[in-house]
Amino acid sequence: MPKKTKSEDPKKRILELRKEINQHNDLYYKNNAPIISDKEFDFLVKELQKLEKENPQLADSSSPTSQVGSDLSPQFSKFKHKVPVLSLENTYNESELSDWLDKTGIEENYSLEWKIDGASILLYYENGKLTHCVTRGTGGIGDIVTENVKTISSIPQNLSEPMNLTVRGEIFMTFADFEEFNEEYGGKFANPRNLAAGSIKQKDPLEVAKRPLRIFVYDVYFSSSRKGINSHKDILNVLKKEKFPLAPDTTILSGTKLIKEIESFRKKKDKMPFPVDGLVIKLDSLNLRENLGETSHSPRWARAFKFDALLKETTIEEIDFAIGRTGKVTPRARVTPISLAGTTVTYATLHNQDYIDQLGAGIGAKVLISKRGEIIPAVEKVTFPPKKVFVLPEECPSCNTKLMKVDDSVDLFCTNRHCPERKLNQLIFFCSKKQMNIEGLGERQIQIFFEKGWVKDIPDLYTLEKYKTTILELDGFGEKSVKIIFDAINKSKEKDFRFTLPSIGLNEVGPKVTEILIENGYDSWDKLLTLAKSKSATEELTAIHGIGPRTIDALLNHLKDKETLKLVNTLIKLGLKFQADQTEKSELQPFVGQSWCVTGSFENFQPRDLAMDLITKHGGKKVTGVSSKTTHLLYGPGAGSKLDKAKELGVTLVSESEFLNLLKKEGISI
């Protein structure tokens, strides 16, 4: 935000701080879109605490210093927590941590664990059965999101004994899962934390089930006697026994060794497969915890240790816009190049107009840029304000169509389906490796053909050969490279419904939805058209596991849309397949009776569906998700939540090298 003049009058300054802190609490807990760092937020809180202490006559029980931030949403029923759900006080350096250790006892034992950057959740068990899943909310009252959270398969539904207890954990998403899911949905989510926090607040559990959410639990509140549970180590053992998922690397050690161990955690931080925003340090002894107690805001026996975010200052030189294939308009700051996390950063996202307004960003502003984990660079803070806060244009920069917000989104969209930049990005998406995999047609080549008017829409790719002579006259297009392009275009006609349907970029209809449709008998465009004409279409699709109401509505709308129908009919006439191939069966059938799923990336199978094609050709069945009926999981680097679920269910795990050896043993060539 642009810097404001601070009031010197204590009363006015206290009111200013309360208002500002409450605004930041709402941005963090309700909008999942913080615009200042935790450290800056804590400075505001400490300033307010100091002023309130110096001016006790101005005390107010509604002050944010007396409450925790709230994520309550009006659409959910409320639940009164059985114990206060508190926040942690933050420390940012060894000096602050040492001061706290001196008060709590540096010779005592402490637990040290990752602070997962996700959404806090409480799991309530009564007589050993999971009855309620509740957000933290205000700390006293939370939202009931039971059915949504139950879609996370690693959460035990029943305990081994009829215990009454409350388990606290953090719901999150790994970087690999986030990237895969975000690509499926057109890149509309900003980061794993936002997606995880937003997912548990969805109205439809079927929609939540499609999202690769995970959980790590880290604490237990006992409703009755602790039965010999005297330490945090004992709590972790209870959680392990009940098969709750725990974060890796948690350790119990003396306070004298904490600082050194924190350094080893710091070195591992950027290599973690999930988002972390620091460490949590807690006294191990539960009796000592009780003696120390807590404030209205945080326990005295625990602290969060925050790593400084990887930030660098630079200047916004220009602001332009990316118009995605779905029409979403994303403002981007072109910045003075800086080196960050081993890469040169020249662009950083500004997300949307609301985010720009909250930051007070504009051309000429000095800003801090972050790059967290695998997330694209983002503008985090304005350190020197611009002359003018930037305002997005009312019209699309590419086609001059009036920009609109769609379905209560904070983002602006160009709704013109013939917008040149939308069309260009649809072509790039169609030709990409994970879609039709047209070798030789990268972004540069497609842009050249698009600007010359040779390829304006997807069908034009299949009539491009009439420009072959002219293409050969262009710089960088020799006989060999042009032959590769046209061979790849012709070869793409061999791809079946599994590729053609998701590649045309229909909203909500990606590879996973396509595979689910095929598995349930809707294995061609004609069958989907017949379904759309049926009065029971919605009912039939609702019965399919993994397809929620939003996807159903979108799919049925696509099947009645004149432009979509025209596009598919044209592609069919050009020789593309809009039906699933009946897998050619080999005499070798080693995979008969087996159901295989795949996750991760592979050196010898690019795209990875090539491995699945071999399995189905030789008697096996391909499935999109891991369940109790899955017999094998083929996994590679970057494996997502499917790997964890497969381990829990006892599914046979097969690495790429093991799969290659298996094929060799069975006499199957790749």
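The values are calculated or read from the model by the stated rules, or taken from the named source; none is laboratory data. None of the values given here were measured: they were computed from a predicted structure. Positions of Cβ are backbone-derived with ideal geometry, glycine not excepted, and every protein chain shown enters the neighbour counts.
Candidates in segment 362-376 are the residues that are closer than 15 Å to Ile338 by Cβ and modelled with pLDDT under 85; of these, the one that is surrounded by the fewest Cβ atoms within 10 Å (Cβ to Cβ) is Ile376. In segment 202-231, the residue that is nearest to Phe175 (Cα to Cα) out of those that are of a type in the set (Gly, Ala, Ser) and surrounded by 17 or more Cβ atoms within 10 Å (Cβ to Cβ) is Ala209. Go through the residues of segment 604-621 one by one and say whether even a single one is closer than 17 Å to Ser153 by Cα, of a type outside the set (D, E, K, R) and outside any loop (DSSP other than H, G, I, E, B). No, segment 604-621 has no match at all.
Residue-level analysis places Asp553 among those that are more than 15 Å from Phe578 (Cα to Cα) and either assigned to a helix (DSSP H, G or I) or in the same structural domain as Lys468 (by TED's automatic domain parsing) (or both).
For the condition in contact (Cβ under 8 Å) with a residue 12 or more places away in the chain, touching an Asp or Glu at 6+ places or on another chain (Cβ under 8 Å) and part of a strand (DSSP E or B), Leu634 qualifies. Within segment 251-264, the set of residues being modelled with pLDDT under 95, β-branched (Val, Ile, Thr) and within 30 Å of the chain's Cα centre (by Cα) comprises Ile262 only.
Scanning segment 132-166 for residues that are of a type in the set (Asp, Glu) and under 21 Å from Val83 (Cα atoms) returns a single hit, Asp143. Annotation note: Cβ proximity below 6 Å between a residue of segment 263-289 that is farther than 16 Å from Trp100 by Cβ and a residue that is exposed (fewer than 14 other Cβ atoms within 10 Å of the Cβ) (sequence gap 6+ or interchain) occurs for Leu286/Asn230. Within segment 103-127, the residues that satisfy the criterion of being among the small types (Gly, Ala, Ser), out of contact with any Phe, Trp or Tyr (no Cβ under 8 Å at 6 or more places or on another chain) and either part of a strand (DSSP E or B) or within 25 Å of Ile152 (Cβ to Cβ) (or both) are Ser111, Ser120. Within segment 495-518, the residues that satisfy the criterion of being charged (D, E, K, R) and over 22 Å from the mean Cα position of the chain (by Cα) are Lys495, Asp496, Arg498. For segment 93-102, the candidate set comprises residues that are within 35 Å of the chain's Cα centre (by Cα) and assigned to a helix (DSSP H, G or I); within that set, the residue that is surrounded by the fewest Cβ atoms within 10 Å (Cβ to Cβ) is Ser95.
Confirm whether Glu380 is at pLDDT below 90, within 20 Å of the chain's Cα centre (by Cα) and surrounded by fewer than 19 Cβ atoms within 10 Å (Cβ to Cβ).
Working: at pLDDT below 90: yes; within 20 Å of the chain's Cα centre (by Cα): yes; surrounded by fewer than 19 Cβ atoms within 10 Å (Cβ to Cβ): no.
Spelling it out, it is not the case that Glu380 is at pLDDT below 90, within 20 Å of the chain's Cα centre (by Cα) and surrounded by fewer than 19 Cβ atoms within 10 Å (Cβ to Cβ).
Restricting attention to segment 513-544 and to residues that are in contact (Cβ under 8 Å) with a residue 60 or more places away in the chain and either out of contact with any Phe, Trp or Tyr (no Cβ under 7 Å at 6 or more places or on another chain) or basic (Lys, Arg) (or both), the residue that is surrounded by the most Cβ atoms within 10 Å (Cβ to Cβ) turns out to be Glu515.
The test for being at pLDDT below 90 and in a helix (DSSP H, G or I) does not hold for Gln447.
Can Arg550 be described as without any contact (Cβ under 8 Å) to a residue 60 or more places away in the chain and surrounded by 15 or more Cβ atoms within 10 Å (Cβ to Cβ)?
Details: without any contact (Cβ under 8 Å) to a residue 60 or more places away in the chain: no; surrounded by 15 or more Cβ atoms within 10 Å (Cβ to Cβ): yes.
Considered against the rule, which asks whether it is without any contact (Cβ under 8 Å) to a residue 60 or more places away in the chain and surrounded by 15 or more Cβ atoms within 10 Å (Cβ to Cβ), Arg550 comes out as no.
Residues of segment 113-170 that are crowded, with 23+ Cβ neighbours inside 10 Å, hydrophobic (A, V, I, L, M, F, W, C) and touching a Gly at 6+ places or on another chain (Cβ under 6 Å): Ile121, Val134. Among the candidates Asp270, Asp234, the residue that is in the same structural domain as Asn194 (by TED's automatic domain parsing), under 23 Å from the mean Cα position of the chain (by Cα) and either surrounded by fewer than 19 Cβ atoms within 10 Å (Cβ to Cβ) or at pLDDT 95 or above (or both) is uniquely Asp270. Only one of the numbered conditions (1) assigned to a strand (DSSP E or B); (2) over 30 Å from Ile369 (Cα atoms) is violated by Val382, and that is (2). Counting only residues that are buried (at least 17 other Cβ atoms within 10 Å of the Cβ), among the polar types (S, T, N, Q) and farther than 25 Å from Lys243 by Cβ, segment 636-668 holds 0 of them.
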